[in-house]
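This report refers to the structure that appears directly beneath it.
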Amino acid sequence: MSFGDLERGYGSVTTNTATAFQPAGRGGDQEYIRLNESVRKNITRLGDLVSNYRRTSELLGTAKDSHELRQKLCVTATRNARAGRARVN
């Protein structure tokens, strides 16, 4: 965002990060809210996936290590990599 954008009303100056880059106008408000919610959900999901993968990978080399565990990690990593590429494209 530039100063020119602010002068034209394409946002507001604020210290609140939730609304710092909120576009002005009726349609823009709803779009901002939708995108903000989508980003929030995706960040939460990513954090959950990373935590789950970390917990599972910490079992490698322990008494709970097994072929099934390694398969699960491999399948999870492959599925998540494919899902990430699909969302980017």
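The values are calculated or read from the model by the stated rules, or taken from the named source; none is laboratory data. Model, not experiment: these values are computed from the prediction. When we count neighbours, we look across all protein chains shown, and the Cβ atoms used for this are built from the backbone with ideal geometry, even at glycine.
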Of the residues in segment 47-71, how many are touching a helix residue (DSSP H, G or I) at 6+ places or on another chain (Cβ under 9 Å) and closer than 16 Å to Gly84 by Cβ? 3
Going through Leu49, Leu6, Leu35 one at a time, which residue ends up being under 26 Å from Arg79 (Cα atoms) and modelled with pLDDT under 90? Leu49
